[in-house]
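S.K.: Below you'll find the structure I mean.
The values are calculated or read from the model by the stated rules, or taken from the named source; none is laboratory data. Since the model is a prediction, treat every value here as computed from it, not as a measurement. Cβ coordinates were reconstructed from backbone atoms using ideal geometry, including for glycine residues, and neighbour counts include every protein chain displayed. Just the protein is used for accessible areas: all its heavy atoms, side chains included, with ligands, DNA and RNA removed. Shrake-Rupley method; radii C 1.70, N 1.55, O 1.52, S 1.80 Å.
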Amino acid sequence: MNNPNSWFQFALYVGALLLVTKPLGLYLLQVLDPKGKTWLDPVVRPIERLTYRICGIDPAKEQNWIGYTVAMLLFSLVSLLFTYFILRYQDHLPLNPQNFPGLSPHLAFNTAASFTTNTNWQSYGGESTMSYFSQMVALTIHNFMSAAVGIAIAAALVRGIARQTAQTIGNFWADTVRVTYYLLVPVSFVFALFLVSQGIIQNFKPYTVAKTYEPYTVQVPKTDDKGQPVLAADGKTPVLVDQVVDTQTIVQGPMASQIAIKMLGTNGGGYANANAAHPFENPTALSNFLQMLSIFAIPSALTFYLGRMVKNPRHGWAVWGAMFALFVAGTLVCWQAEARGNPIHQKLGVAAADGNMEGKEVRFGIFNSALFATITTDASCGAVNAMHDSFTPIGGLVPLFNIQTGEVIFGGVGAGLYGMLIFVILAVFIAGLMVGRTPEYLGKKIQAYDVKLVMLVLIVLSATILGGTAWASISDWGQAGLNNSGPHGFSEILYAYSSAVGNNGSAFAGLTANPADGNPHWDTTLGIAMLIGRFLMIIPILALAGNLASKKLVPASAGTFKVEGLTFVVLLVGTVVLVGALTFLPALAMGPVVEHYLMGAGTLF
Amino acid sequence: MKTILLEIKTSLLVTLIFAVLLCGAYPLAVWAGAQAIFPAQANGSLVSDKDGTVRGSLLLAQNFASDKYFQPRPSAAGTGYDATSSSGTNLGPTSQKLSDSIKAAVAAYRTSNGLAADAVVPADAVTSSGSGLDPHISLTNAGLQAARVAKARGISVAQVQALITQTGRARDWGVFGEPSVNVLQLNLVLDQAYAAK
């Protein structure tokens, strides 16, 4: 922490984020208006019109909240099945030079649910499971679509807040198509080319076999003709045989095009198993910086969109300010913990000044790993450039807590804003209770129905996280997946369900959710948790949007609670932290908190 | 019911059009641009001999174990440096297994580099990276290996140090990331300048 250069990098990041927020926000205002004008119109408008014509979409015809929800659900279902079947039968499809087999039903379900819900949890190792066709079609399509749908939902909610006595909240198809065509594709294209310049691959060649400079010998378990491991006389220990390694198989494929949208759309599902820690996925500190920026760019711009749409720019910036305060706090705590390192390892002779480098890459170092971990979990991105499982207990608690707040600290594209607006309404409600009058939000009375919807979202999500964690913790299948024991093992389970419900997708990745014995419990429960986390959040939010849109405006009075300025920011931050803390503190105490003290005492498991 | 059927039809059509545009045209356009402007990077930053044999990628660590070469960080990718199964150890801070492996790595590092039995060892030298393929080591780590490499090649430590300085990479644009040195690149430069004994 006493390295001035790291502070300078942090300042640059914040500066860059501020710099993109307004221009991108202004652009979003045009993109999310079917009649909006952008400088891409000459190129994109004809494609957009053609799409509408082929699909029979009338962009000017707005939908009420039920119509919007039905369209969103059916689109998600159709595209989920599309991905499921491609993954199941990838061996019969083109672009499979490594001849990977089709995926098992539960792995295909988990992956399809994962990508449809913008979670992008990876139960599989990309480079050893997925054909180029699966990567490029089955997975990448959701990187675009789930991001576009998220932004569309956020726009619908903002319209609901901004309008009065209105029946409709926009056209789902127009929103989705326009966000994809005008925002996601053009930015991804430029970003992908930049990433290639840094070293990310983009080709369709089979994997390259390199003849390495120094052949060496490793010991691997001996297998019989059927591929079963041969056991020693005691029937337990596997027999080991020497194997000479004189080649290295180098992964190839269309990676850059996928990585660009993976970051920009806060998807996070990597091409390779190690995600953005893999030198091909994130080759330089510069690519790392822009990947971090691309995670927060759209969520940050959406707060500007909110401010403009409700004709109260200061409200937009107040929401931004609350997110920013939580982001800085998380970064500092995580950075401090990782820089301090692990006293157990330092006693063995590891340099204390180097911090905790286990699971981190040298080109990023401590600061950029801690910053990335905070950003990726503040947002619902879930890409990782270091292994969270190997973070110190407090360093790992930060990402975990970030996810458990509901990923509202900038958050996923769209999802972050609509999640935060849930807390805004809750904060306004609490403020109303404190002064003893009917709460109002931007001139709309917040009534029992609205608060019930808000509570429904919060309760369903936390119950799913805690329920899933409890079930897995006491089950054989749950414990079988663990890579660590003691409190850290519990943290792996808690992280998995938090990540799934939060649609984050990062992991304490030692956990094996797709075990070799084919036990489907982890894949299936996590897949269901992701669907709950996505759709049982979106449906109440669209209902809320519809209800808010239909309300009348009440004129502001002396007693109106102001949703801008420092008081509001503090109240909003307090609401987010308190709801998160009250719900998850007991579980966190059993995991990372107790582990922190055990690490200090030198206890090992 | 009619609306639902209509929306299913729209969903199917939009999915198909997106598949063509986002999963066909978009990656192909990136591919064409990448191959035209940055062909070396787009194909894996490969290192080849004069006869065209591919020997590795500048971005991926491969195993170097002998004294005459700089050694990369420990790797948890497959059986080690397996570029088809990138991975960290994912062992937590209170893991006995991790503690044991770090203990062994510290001892081995001290012995092979002729360090005192209580010498402090750079963290990157004894911990596994996130990918298991981290191509870099810290400058401190490289500096501590210099004497061993110099001795094995019968050259002076200063000559090796000069190559570290020459190969070492500063922060990107002087700001981003951490200074580091690419192990494969350094070893190639070494072989070029001073053939191994």
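S.K.: Can you give me the long-range amide H partners of A:Leu240? Hydrogens built in the peptide plane at 1.01 Å from N, cutoff under 5 Å, separation of 5 or more residues or another chain.
M.R.: A:Lys222
S.K.: Also, quick follow-up: Starting from 0.36 nm per residue, how many nanometres of slack lie between A:Thr560 and A:Asn547 once their C-alpha separation is accounted for? Mind dumping the intermediate values first?
M.R.: Working: separation 13, 0.36 × 13 = 4.68 nm, distance 2.06 nm.
Fully extending the segment from A:Thr560 to A:Asn547 adds 2.6 nm.
S.K.: Using a Cα-Cα cut-off of under 22 Å, which lysines could be cross-linked to B:Lys2, ignoring same-chain neighbours fewer than 8 residues away?
M.R.: Leaving aside lysines fewer than 8 places away in the same chain, those within reach of B:Lys2 are A:Lys61.
S.K.: Could you sort the peptides A:213-221, B:162-170 by per-residue average Cβ neighbour count (10 Å cutoff), highest mean leading? Show your work: numbers first, answer last.
M.R.: Working: A:213-221: 14.1, B:162-170: 16.1.
Going from most to least packed, we get B:162-170, A:213-221.
S.K.: Would you mind checking the radius of gyration and Dmax of the stretch A:78-231 based on alpha-carbon positions, in Å?
M.R.: 21.2, 74
S.K.: Using the Karplus curve 6.51 cos²θ - 1.76 cosθ + 1.60 with θ = phi - 60°, what ³J(HN,Hα) values do you get for each residue of the stretch A:276-281, in whole Hz, with x for Gly and Pro?
M.R.: Per residue, the Karplus-derived 3J(HN,Hα) values read 6, 7, 5, x, 6, 7 Hz.
S.K.: Using all C-alpha to C-alpha distances in the stretch B:46-193, build P(r) with 10 Å bins and read off the rounded percent in each one.
M.R.: 11, 38, 37, 12, 1
S.K.: To the nearest µm²/s, what D does Stokes-Einstein give for the stretch B:2-42 at 25 °C and 0.890 mPa s, using the Kirkwood radius over alpha carbon pairs as Rh? Don't jump to the answer; show the numbers that get you there.
M.R.: On the way: Rh = 12.1 Å.
Rounded to a whole number, D works out at 204 µm²/s.
S.K.: Just the number, please: Stokes-Einstein D of the stretch A:418-601 in µm²/s, Kirkwood Rh from C-alpha pairs, 25 °C, 0.890 mPa s. Don't skip to the answer; put the middle values down first.
M.R.: Numbers: Rh = 18.5 Å.
Rounded to a whole number, D works out at 133 µm²/s.
S.K.: Can you check how the C-alpha radius of gyration of the protein assembly as shown compares to 2.2 N^0.38 Å, as a plain ratio?
M.R.: Details: Rg = 26.3 Å, N = 802, 2.2 N^0.38 = 27.9 Å.
With N residues counted in the protein assembly as shown, Rg over 2.2 N^0.38 Å equals 0.94.
S.K.: Something else now. Can you bin the stretch A:1-149 into rounded, prolate or oblate? Criterion: square roots of the alpha carbon gyration tensor eigenvalues sorted a ≥ b ≥ c, rounded for a/c under 1.5, prolate for a/b above b/c, oblate for the rest. Provide the component values of the computation, followed by the final result.
M.R.: Details: a/c = 2.06, a/b = 1.11, b/c = 1.85.
Oblate, since a/c reaches 1.5 and b/c is not below a/b.
S.K.: Taking springs between alpha-carbon atoms closer than 10 angstrom, which of B:Ala19, B:Ala142, B:Ala158 fluctuates most in the Gaussian network model of chain B?
M.R.: Result for chain B, Cα springs under 10 Å: B:Ala19 fluctuates most.
S.K.: If you don't mind, there's one more thing I want to ask. Given the rule -39500 (n - 2.57) for each run of at least 4 DSSP H residues, summed and divided by the residues of the protein assembly as shown, what is its mean residue ellipticity at 222 nm, to the nearest 500 deg cm²/dmol? Before the final figure, lay out the partial values.
M.R.: Numbers: 28 runs with 438 residues, N = 802.
After summing the helix terms and dividing by the residues of the protein assembly as shown, the value is -18000 deg cm²/dmol.
S.K.: For A:Val196, what is the net charge nearby, where nearby means another residue's Cβ is under 15 Å from its Cβ and Lys, Arg count +1, Asp, Glu -1? Working shown, then result.
M.R.: Working: positive: A:Lys205, A:Lys262; negative: A:Glu281.
Residues near A:Val196 contribute +1 overall.
S.K.: Does the stretch A:208-250 classify as rounded, prolate or oblate by the C-alpha gyration tensor (a ≥ b ≥ c root eigenvalues; a/c under 1.5 gives rounded; else a/b over b/c gives prolate, otherwise oblate)? Intermediate values should be presented prior to the final figure.
M.R.: Working: a/c = 4.70, a/b = 2.33, b/c = 2.02.
Verdict is prolate for the stretch A:208-250.
S.K.: Calculate how steeply helix A:65-88 sits against the longest principal axis of the alpha-carbon atoms of chain A, using the helix alpha-carbon long axis, and give the answer as 0 to 90 degrees to the nearest 10.
M.R.: In chain A, helix A:65-88 runs at an angle near 10 degrees to the longest axis.
S.K.: Hey, what's the stretch B:2-42 come to in accessible area per residue, 1.4 Å probe, Å²? All intermediate terms of the calculation are to be shown ahead of the outcome.
M.R.: On the way: 2010 Å² over 41 residues.
For the stretch B:2-42, the solvent-accessible area averages 49 Å² per residue.
S.K.: Give me the distance in nm between label points sitting 7 Å out from Cα along the Cα-to-Cβ direction at B:Thr3 and B:Val157, one decimal.
M.R.: Going from the B:Thr3 label point to the B:Val157 one covers 8.0 nm.
S.K.: Mind checking which of A:Ser197, B:Leu133, A:Gly341 is farthest towards the positive end of the protein assembly as shown's charge dipole, using Cβ charges of +1 (Lys, Arg) and -1 (Asp, Glu) about the Cα centre?
M.R.: After comparing all options, I get A:Ser197.
S.K.: Just to verify a number: FRET efficiency for A:Leu240 and A:Ile54, C-beta to C-beta distance, R0 = 56 Å, to 0.05?
M.R.: Values: r = 60 Å, r/R0 = 1.06.
My answer for the efficiency is 0.40.
S.K.: Accessible area lost on pairing A with B, both sides, 1.4 Å probe, Å² to nearest 100?
M.R.: Working: alone 24530 and 12540 Å², together 28410 Å².
Buried: approximately 8700 Å² between B and A.
S.K.: I've got another one for you. Determine which lysines satisfy two conditions relative to A:Lys562: a Cα distance under 26 Å, and not lying fewer than 8 residues away in the same chain.
M.R.: Once the sequence-local lysines are set aside, what remains near A:Lys562 is A:Lys22, A:Lys311, A:Lys444, A:Lys445, A:Lys452, A:Lys551, A:Lys552.
S.K.: With a 10 Å radius around each residue's Cβ, average the other Cβ atoms per peptide and rank B:33-41, A:124-132, highest first. Write down the numbers at each step before the final one.
M.R.: Working: B:33-41: 16.4, A:124-132: 22.6.
Most protected by this proxy first, the peptides run A:124-132, B:33-41.
S.K.: Moving to a separate point now. Please give the average number of partner chain Cβ atoms lying within 10 Å of the Cβ of each residue in A:131-143, rounded to a whole number. Don't skip to the answer; put the middle values down first.
M.R.: Working: counts 0, 1, 1, 0, 2, 7, 7, 2, 1, 6, 6, 2, 2.
Taking the mean over all residues of the peptide, I get 3.
S.K.: Also, quick follow-up: Could you size up the charge dipole of chain B around its Cα centre, putting +1 on the beta carbon of Lys and Arg and -1 on that of Asp and Glu, and report it in debye to the nearest 20?
M.R.: Values: 15 positive and 12 negative charges, 34 e Å.
Taking the Cα centre of chain B as origin, the dipole is about 160 debye.
S.K.: Using only the Cα atoms of the stretch A:193-296, build the gyration tensor, take square roots of its eigenvalues as a ≥ b ≥ c, and label the shape rounded, prolate or oblate: rounded if a/c is under 1.5, else prolate if a/b is larger than b/c, else oblate.
M.R.: Working: a/c = 3.03, a/b = 2.20, b/c = 1.37.
It is prolate, given that a/c is not under 1.5 and a/b is the larger ratio.
S.K.: At R0 = 56 Å, how high is the FRET efficiency between A:Phe100 and B:Ala119 if r is their beta carbon distance? Nearest 0.05 is fine.
M.R.: Values: r = 46 Å, r/R0 = 0.83.
The formula returns an efficiency of 0.75 here.
S.K.: If you find the alpha carbon centre of the stretch A:100-179 and of the stretch A:223-294, how far apart are they in angstrom?
M.R.: Their Cα centres are 24 Å away from one another.
S.K.: To the nearest 20 debye, what is the magnitude of the charge dipole of chain A about its Cα centre, counting +1 on the Cβ of each Lys and Arg and -1 on the Cβ of each Asp and Glu?
M.R.: Values: 32 positive and 30 negative charges, 498 e Å.
The calculation lands at about 2400 debye.
S.K.: Considering the Cα positions of the stretch B:23-127, please state its Rg to one decimal place and its Dmax as a whole number of Å.
M.R.: Considering the stretch B:23-127 through its Cα atoms, Rg and Dmax are 19.1, 60 Å.
S.K.: Where Rh is the Kirkwood radius over the Cα pairs of the stretch B:89-150, the temperature 37 °C and the viscosity 0.692 mPa s, what D in µm²/s does Stokes-Einstein return?
M.R.: On the way: Rh = 12.6 Å.
After rounding, the answer is 261 µm²/s.
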